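Below you'll find the structure, written out as structure tokens, and then a few comments.
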Amino acid sequence: MKVGEKAPDFLLKDQNGEDFRLSDFRGKKVLLSFHPLAWTSVCEKQMKALDENYERFEKLNVVPVGISVDSVPTKKAWAEHMGLKKLRILSDFWPHGKVAKLYGLFREEGGFSERANVLVDEEGKVVFFKVYPIGELPDLEEVFGFTKEG
């Protein structure tokens, strides 16, 4: 997957079992924030940062979502544990890692995705794509800077 390419469409369930289809968000930017696994410290910080900055994203016409290979019940328990208020976290559980594979982010050896931020524009094209070291918290300021806040 490269910047400028059309983002593959997908349908996943969020932590509440509700459908999230990427193509339903045309006219808005969507930040796909891939993280390896629920219940891990860096992933928790990554999801909390998205939730804490949700209003900032909204002002920029960006819908942030988290994605990992965990099941919907796991996502629900984890979202409640973290006290997420607005952020939707999507389950790429079955077929296992299908969306991560579509985006070239699935790690076969571990059975989970890379840690990455992928920003899809209003027309469904990838405009920002960055993979981070597994143990590193992604810098949201990169995304905010890219979307030309302020």
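The values are calculated or read from the model by the stated rules, or taken from the named source; none is laboratory data. What you are looking at is a predicted structure, and each value in this text was computed from that prediction instead of being measured. All Cβ positions, glycine included, derive from the backbone under ideal geometry; neighbour counts span all protein chains shown. For accessibility, only protein heavy atoms count, side chains too; no ligands or nucleic acids. Shrake-Rupley method; radii C 1.70, N 1.55, O 1.52, S 1.80 Å.
Residue count for the range 115-150 satisfying the condition of being aliphatic (A, V, I, L, M), part of a strand (DSSP E or B) and within 14 Å of the chain's Cα centre (by Cα): 6. Filter the range 21-42 down to the residues that are in contact with a Phe, Trp or Tyr (Cβ under 8 Å, 6 or more places away or on another chain) and either without any contact (Cβ under 8 Å) to a residue 12 or more places away in the chain or within 19 Å of ARG107 (Cβ to Cβ) (or both) and list them by number. Result: LEU32, PHE34, PRO36, LEU37, ALA38, TRP39. The set of residues in the range 131-150 being open to solvent by less than 70 Å² (accessible area, probe 1.4 Å) and of a type outside the set (Ser, Thr, Tyr) consists of VAL131, ILE134, GLY135, PRO138, LEU140, GLU142, VAL143, PHE144, GLY145.
If we scan the range 18-25, do we find a residue that is at pLDDT 95 or above, closer than 24 Å to LEU137 by Cβ and not charged (D, E, K, R)? The answer is yes, given that some residue of the range 18-25 is at pLDDT 95 or above, closer than 24 Å to LEU137 by Cβ and not charged (D, E, K, R).
Give me the residue from the range 50-88 that is more than 21 Å from ARG115 (Cα to Cα) and acidic (Asp, Glu) and, out of that set, most open to solvent (accessible area, probe 1.4 Å). Checked the range 50-88; the qualifying residue most open to solvent (accessible area, probe 1.4 Å) is GLU80. Within the range 22-42, the set of residues being farther than 23 Å from ALA7 by Cα and under 13 Å from the mean Cα position of the chain (by Cα) comprises ALA38 only. Exactly one residue out of LYS45, LYS6, LYS13 is in contact (Cβ under 8 Å) with a residue 40 or more places away in the chain, open to solvent by 70 Å² or more (accessible area, probe 1.4 Å) and closer than 18 Å to VAL72 by Cβ: that is LYS13.
With respect to HIS81, determine if the residue is under 19 Å from ASP51 (Cβ atoms) and at pLDDT 95 or above. Yes. Residues of the range 119-130 that are over 16 Å from TYR54 (Cα atoms) and open to solvent by less than 20 Å² (accessible area, probe 1.4 Å): VAL120, GLY124, VAL126. With respect to TRP94, determine if the residue is of a type outside the set (Ser, Thr, Tyr), over 14 Å from the mean Cα position of the chain (by Cα) and within 20 Å of ALA7 (Cα to Cα). Yes.
Taking the condition of being assigned to a strand (DSSP E or B) and of a type outside the set (Phe, Trp, Tyr), how many residues in the range 1-45 meet it? Number satisfying all stated conditions: 12. There is no residue in the range 91-114 that is closer than 14 Å to PRO64 by Cβ and either open to solvent by 50 Å² or more (accessible area, probe 1.4 Å) or part of a loop (DSSP other than H, G, I, E, B) (or both).
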